[in-house]
Structures are given as structure tokens and as C-alpha cells.
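J.: My questions all concern the structure below.
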Amino acid sequence: MTVAVRSFAKINLGLYIGAARADGFHDLRTVYQTIALHDVIRVSVGRGSGIEILCRNKDPRVPLDSSNTCYRMAERVMDELGAKGRVSIEIVKRLPIQGGLGAASSNAVATMVALERAVKRKLSAATRLRIAAEIGSDLPLFLVGGTTLGVGRGEEVYPLPDLPSLPMVVVTPEVGVSTPKAFADWDARVQRERAAELRSAGQPRAAVPTQAWTGEDARPSTTREQLTRAGASDRLFKVGCVLSAWLSGLPNTGASAKGGSRAGSLLLDLVRTGIENDFEKVVFPQYPELRDIKGALERAGSSYASLSGSGSTLYGLFRSPADAAKAANRLRKQGLKAVATRTLTRPQYGKRILDG
């Protein structure tokens, strides 16, 4: 039996990068939001042994070996369940690669869900979360769905009061942004700012170590002390206060005085918090065309536009499906790959994930 599972994408409603940690990762704070765009994962378990990865789209950027997160997930799940058989995983790609939409992570979680159904055994909720966090930082969010707070390196996830399903436009440029490189660029930016602070204080300039990144889960040799600038923890705390103030107001946010929708009022609340994605500070200088696309979304009427994750995908939230459709059409006429879609609440996510 082949089990098909939808592998939904996510966006980040703000992403704050804190100090480098002792393990080489960074303290992050973000609000994840699942959206309706998706890949499809088809899994079957037959006689024999081993794991094979197939990609119908035959995109050379999709690894078909043990480096694929779906492969690693299948290996871990089969071992944890004590199941035997040859696992075949077919990935039907619709989401961009290196797009900041969490496609590879979502694919892996979809593989977990499909495998459980294929072998008719279930992992405990705690085991699911543990395996997901061990494979990658943003996998656990796809076990929750909806509006979710991500902290730690992004793997600690907490369900939040759901935003309503919001109309949006997603723009997927041809360029791909490497997450490890984006973090390396962020570290270099922090080092430059720290050196400037030391110079202005009349202190000798500290030596700047060299970063060596080798992959998505690679960790830098630079120590936490070398990358932590003064006030980094205080800044992250203040960010937490801003997010908490915004989120605590969600249940009581009603229609505006002028009769606007609850969703529209929430968008205004979001804008007022000043929530932003720190990656824009290092990605936009490297890829100015992405900054231009954010501007195009705003000119098309987006109430809130942002880079998702480290990019290269950008999105804009709109007040109505008609506004989103009109904006997507306008952006396509400008030569951009734009699609109108919507966010998914937690119940919507849970209901639709098995409609592959």
C-alpha cells in the first residue's frame, strides 16, 4: 500500500537571531506559520531491505541518497518501530529548494507520518518530537502546525493561539539562499559591529576568526564568546516581550472601529509590533533583487511583507483573497513567480495533511 501525505510549507512571522550558543547554533525566536502550499510525499514499504528516494521532478538539487532528510527520517522511524522492509519514498516537488519555506524539513515529517500509516504502528508524541529535533531544527514545527512559537535553535516549539486563515501571496525567485551561508554572513556582521564598538571605546580591535561551514547542520569553530556582542541577551529578552505583548492581545482583538475584519486588525497589530526577519539585514545586501521583490509586494497592497527564513522566498499578507489574487496577477506581469494562497490554522493543517 502506498500512503500519500501532503508536506505543507511554513513562513516565519519575524525571526530574531540571538547570540551564538556553546554548541555553535544561535538562539532564535520566531513565530512559525503553516501555509497551504505543499509538496506530496508517497511512501510504500515492501519486501526486502533498504531505503530508496525518488523525485518525480528529477531536480538535481534533491539528494537521492542518505543525505536526504527523508532518508534519515525513514531510517530512524523504521529502527524505532522495529519494522522491516524496503522503504520507497517518492517526493513530488512543488515547493522551492533553499526557499526558506522549510520544504526539506516538512518532507521529512511527512515521511514519518506516512511510514507510521504504512507499517500500521505509531510512535509516541514525545518520540516523534525527539526524532524530529535530532534530524533538524525546524522539523518539530511540522508536528504542531498552525501558529507556533519557535525558540532555542528553532526546535523548541509551542502552539500559540492560531491566527485566522489569512490571504497571502508567495513569491519564489529563481535564486536559492544557503542557510549556513546566511548564518555565516550574520556572524561576520556581528563581528564587524563588535569591532566598531571596541574601536569607538578606544580598545584594541579583536582578531576575527574564520568560519568554516560545510552543510546545513554544520557548526562553526568560533566560540560563543567571540560572537556574543554586548546586550545580545537583553535584545532577545526585549524581543520576547514584544512578541508576548502581540500574542497576548490576539484573543481580544475584534473588528476595527471602522468595521474592518478581525484578520485585518491582526495584520495592523503585527505591523505595529515592528516584527521583522533579521536575515534580511544580510541577505538583501547579497541579493538586492530580493529587497526589490519585498518592495513590489508592499506596492501591490501587502499589509505585511517579509523574507521567510533565510530566503529566498518572500511573502505578503493581504486583507482579502481578492486583494491577494489581484496582487499575484500584478506581480506575475512583472515577471515574478507569484502565487496567491493562504495560511493554515492548526485544525486545517491536521485535517489536510493526509489528503495527499
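The values are calculated or read from the model by the stated rules, or taken from the named source; none is laboratory data. From a predicted model like this one, the values you see are computed outputs, not experimental measurements. All Cβ positions, glycine included, derive from the backbone under ideal geometry; neighbour counts span all protein chains shown.
J.: When residue 9 is evaluated against the numbered criteria (1) in a strand (DSSP E or B); (2) out of contact with any Gly (no Cβ under 8 Å at 6 or more places or on another chain); (3) buried (at least 18 other Cβ atoms within 10 Å of the Cβ), which criterion, by number, is the only one it fails?
T.: The single condition residue 9 does not satisfy is (2).
J.: So which of 109, 77 is assigned to a helix (DSSP H, G or I) and more than 18 Å from residue 34 (Cβ to Cβ)?
T.: Details: 109 fails: more than 18 Å from residue 34 (Cβ to Cβ).
On inspection, the qualifying residue turns out to be 77.
J.: The conditions are (1) modelled with pLDDT of 95 or more; (2) buried (at least 23 other Cβ atoms within 10 Å of the Cβ); (3) under 25 Å from residue 141 (Cβ atoms), and residue 310 fails exactly one of them. Which is it?
T.: (1)
J.: Looking only at residues in region 28-59 that are among the charged types (D, E, K, R) and over 27 Å from residue 344 (Cβ atoms), which one is farthest from the chain's Cα centre (by Cα)? I'd like the intermediate steps shown before the answer.
T.: Just the residues of region 28-59 that are among the charged types (D, E, K, R), to begin with: 29, 39, 42, 47, 52, 56, 58-59.
When the remaining residues are screened for being over 27 Å from residue 344 (Cβ atoms), the result is 47, 52, 58.
Numbers: 47: 36, 52: 26, 58: 24 Å.
This residue is 47.
J.: Kindly indicate the residue of region 85-113 that is of a type in the set (Lys, Arg) and touching a Lys or Arg at 6+ places or on another chain (Cβ under 9 Å) and also surrounded by the fewest Cβ atoms within 10 Å (Cβ to Cβ) among those meeting that condition. Break it down into steps so the answer makes sense when it comes.
T.: Narrowing region 85-113 to residues of a type in the set (Lys, Arg): 86, 93-94.
Among the residues that remain, those that are also touching a Lys or Arg at 6+ places or on another chain (Cβ under 9 Å) are: 86, 93.
On the way: 86: 13, 93: 18.
Per the stated criteria, the residue is 86.
J.: Additional query: Which members of region 155-187 meet the condition of being assigned to a loop (DSSP other than H, G, I, E, B), in contact with a helix residue (DSSP H, G or I) (Cβ under 8 Å, 6 or more places away or on another chain) and either over 29 Å from residue 326 (Cβ atoms) or not small (Gly, Ala, Ser) (or both)?
T.: If we filter region 155-187 for residues that are assigned to a loop (DSSP other than H, G, I, E, B), which is where we start, we get 155, 160-166, 172-178.
Adding the requirement that they be in contact with a helix residue (DSSP H, G or I) (Cβ under 8 Å, 6 or more places away or on another chain) leaves 155, 160-166, 173, 175, 177.
Correct list: 155, 160, 161, 162, 163, 164, 166, 173, 175, 177.
J.: Something else: Suppose we filter region 323-347 for residues that are of a type in the set (Gly, Ala, Ser) and under 18 Å from residue 292 (Cα atoms); how many remain?
T.: Just the residues of region 323-347 that are of a type in the set (Gly, Ala, Ser), to begin with: 324-325, 327-328, 335, 338, 340.
If we keep only those that are under 18 Å from residue 292 (Cα atoms) as well, we get 327-328, 335, 338.
Final tally of qualifying residues: 4.
J.: Identify, from the list 37, 54, the residue that is in contact (Cβ under 8 Å) with a residue 24 or more places away in the chain, crowded, with 19+ Cβ neighbours inside 10 Å and in a strand (DSSP E or B).
T.: Values: 54 fails: crowded, with 19+ Cβ neighbours inside 10 Å.
On inspection, the qualifying residue turns out to be 37.
J.: Show the residue pairs that are 6+ apart or on different chains and have beta-carbon atoms under 6 Å apart, the first residue being within region 165-182 and under 15 Å from residue 61 (Cβ atoms), the second being crowded, with 17+ Cβ neighbours inside 10 Å and β-branched (Val, Ile, Thr).
T.: Correct list of pairs: 172/313; 177/283.
J.: Moving on. Just checking, does region 64-71 include any residue being surrounded by fewer than 18 Cβ atoms within 10 Å (Cβ to Cβ), of a type in the set (Asp, Glu) and assigned to a loop (DSSP other than H, G, I, E, B)? Reasoning before the result, please.
T.: If we filter region 64-71 for residues that are surrounded by fewer than 18 Cβ atoms within 10 Å (Cβ to Cβ), which is where we start, we get 64-67.
Cutting the leftovers down to of a type in the set (Asp, Glu) gives us 65.
Imposing the further condition that a residue be assigned to a loop (DSSP other than H, G, I, E, B) reduces the set to 65.
Within region 64-71, one or more residues are surrounded by fewer than 18 Cβ atoms within 10 Å (Cβ to Cβ), of a type in the set (Asp, Glu) and assigned to a loop (DSSP other than H, G, I, E, B).
J.: Tell me which residues, restricted to region 274-297, are assigned to a helix (DSSP H, G or I) and among the hydrophobic types (A, V, I, L, M, F, W, C).
T.: Taking region 274-297 and keeping what is assigned to a helix (DSSP H, G or I), we get 280-286, 288-297.
Correct list: 282, 283, 284, 290, 293, 296, 297.
J.: Do we have residue 126 as surrounded by 18 or more Cβ atoms within 10 Å (Cβ to Cβ) and aliphatic (A, V, I, L, M) here?
T.: Details: surrounded by 18 or more Cβ atoms within 10 Å (Cβ to Cβ): no; aliphatic (A, V, I, L, M): yes.
No.
J.: Of all strands (runs of 3 or more DSSP E) completely enclosed by region 298-356, which ones contain at least 2 residues that are within 20 Å of residue 280 (Cβ to Cβ), touching a residue at least 40 places away in the same chain (Cβ under 8 Å) and aliphatic (A, V, I, L, M)? Working first, answer last.
T.: Details: elements: 304-307, 314-317, 338-342.
Filter on region 298-356 gives 314-317.
J.: Residue 145 versus (1) surrounded by 18 or more Cβ atoms within 10 Å (Cβ to Cβ); (2) farther than 30 Å from residue 327 by Cα: which is the lone unmet condition?
T.: (2)
J.: Same structure again: Can you confirm whether region 49-64 contains a residue that is among the polar types (S, T, N, Q) and in contact with a helix residue (DSSP H, G or I) (Cβ under 7 Å, 6 or more places away or on another chain)?
T.: Residues of region 49-64 among the polar types (S, T, N, Q): 49, 57.
Still in the running and in contact with a helix residue (DSSP H, G or I) (Cβ under 7 Å, 6 or more places away or on another chain): none.
Within region 49-64, not a single residue is among the polar types (S, T, N, Q) and in contact with a helix residue (DSSP H, G or I) (Cβ under 7 Å, 6 or more places away or on another chain).
J.: Now, a different point. It is to be established whether one or more residues within region 188-207 are under 19 Å from residue 100 (Cα atoms), surrounded by fewer than 19 Cβ atoms within 10 Å (Cβ to Cβ) and modelled with pLDDT of 85 or more.
T.: Restricting attention to region 188-207, the residues satisfying the condition of being under 19 Å from residue 100 (Cα atoms) are none.
So far as region 188-207 goes, no, none of its residues is under 19 Å from residue 100 (Cα atoms), surrounded by fewer than 19 Cβ atoms within 10 Å (Cβ to Cβ) and modelled with pLDDT of 85 or more.
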